[in-house]
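Colleague: Next up is a structure, given as structure tokens.
Rule-based calculations on the coordinates, nothing more; no lab input. Quick caveat, the model's predicted, so the values are computed rather than measured. We place every Cβ from the backbone using ideal geometry, glycine too, and count neighbours over all the protein chains shown.
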Amino acid sequence: MQHADVRIVAASNVDLRELSQRGEFRSDLFFRLDVLHVHLPPLRERPEDLDLLVPHLLLSAARATTGQPKDISDDALALLRSFDWPGNVRELEHTLLRAHLISTDECIDVDALLASAPALANASAQVQPARDLASLREAKRSAVCDVERRFVEEALAMTNGNISEAARLCDMQRASLSKLAKKHAIAVRAPPAR
């Protein structure tokens, strides 16, 4: 005779105790399984859990797709908080995975969420003020990018593409200017061979 040490972890979205009392679930099996009962309310009753769940699920999405982890914008998180999540955490997980795959940016925004889960469109109307703020942030980010790009292009133009000379001219570290040039895909002249 061989012995095995086994533990069963079971989850259900129905009340097994009630089903057992009505004779629709074997009571002996229920009492074998019901050693420790943990009631976990649905996600719609605990929206504050999204602050912990969303980063974890985005990291899981990155691992599953062998991609880089993505952030989520404040307005997109507000949209997630305003939704009821009838499919609970699994629906949230799949929504974030789709948004991770759809989004071409490092940060998932409202548009990526709406494209990944059209059901969020009804909740979107409730978070419009946050979305307007996000549009302002996006415009600011875009303006900063334009200024950075022009700054690097002009500095390199003055030095015929020599990054070291441009960095000295701008009184900044060569690595910092090189990083900005790379960020904006600006070609630099290779340093002369020694």
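Colleague: Projecting each Cα onto the charge dipole of the chain (Lys/Arg +1, Asp/Glu -1 at the beta carbon, about the Cα centre), which of Leu113, Ala143, Ala99 comes out farthest on the positive side?
Modeller: Selected residue: Ala143.
Colleague: State, to one decimal in nm, how far the label point of Arg189 lies from the label point of Phe31, with both points 7 Å from Cα in the Cβ direction.
Modeller: For the pair Arg189/Phe31, the computed spacing is 8.8 nm.
Colleague: Can you give the charge dipole size of the chain about its Cα centre, rounded to the nearest 20 debye, using +1 on the beta carbon of Lys and Arg and -1 on the beta carbon of Asp and Glu?
Modeller: Details: 25 positive and 28 negative charges, 173 e Å.
Using Cβ point charges on Lys, Arg, Asp and Glu, the chain gives about 840 debye.
Colleague: Same structure, new question: How much mean residue ellipticity at 222 nm does the chain get from its helices, if each DSSP H run of length 4 or more adds -39500 (n - 2.57) and you divide by all residues, to the nearest 500 deg cm²/dmol?
Modeller: Details: 10 runs with 112 residues, N = 194.
Helix contribution divided over all residues of the chain: -17500 deg cm²/dmol.
Colleague: Another question about this same structure. Could you tell me which label, among (i) 53, 34, 29; (ii) 50, 37, 33; (iii) 85, 54, 23, carries the value of Cα extents along the principal axes in Å calculated for this structure?
Modeller: Recomputing Cα extents along the principal axes in Å here picks out (iii).
Colleague: List the GluC sites (Glu not before Pro) within segment 1-55 that DSSP assigns to loop and that have no more than 15 neighbouring Cβ atoms inside 10 Å. Write out the running numbers ahead of the final one.
Modeller: Details: sites: Glu18, Glu24, Glu45, Glu48; in loops: Glu24.
Of the GluC sites (Glu not before Pro), the ones in loops of segment 1-55 whose Cβ has at most 15 other Cβ atoms within 10 Å are Glu24.
Colleague: Report the gain in length on full extension from Lys140 to Ala4: 0.36 nm times residue separation, minus Cα-Cα distance, nm rounded to one decimal.
Modeller: Working: separation 136, 0.36 × 136 = 48.96 nm, distance 6.23 nm.
Contour length minus Cα-Cα distance gives 42.7 nm.
Colleague: Rank Ile72, Cys170, Leu40 by how far each Cα sits towards the positive end of the charge dipole of the chain (+1 on Lys, Arg Cβ; -1 on Asp, Glu Cβ) and give me just the farthest.
Modeller: The residue sitting most towards the positive pole is Cys170.
Colleague: Taking H placed 1.01 Å from N in the peptide plane, check which residues at least 5 places from Ile108 or on another chain put their amide H under 5 Å from its amide H.
Modeller: Residues meeting the criterion, in which the H sits 1.01 Å from N, are Asp71, Ile72, Ser73.
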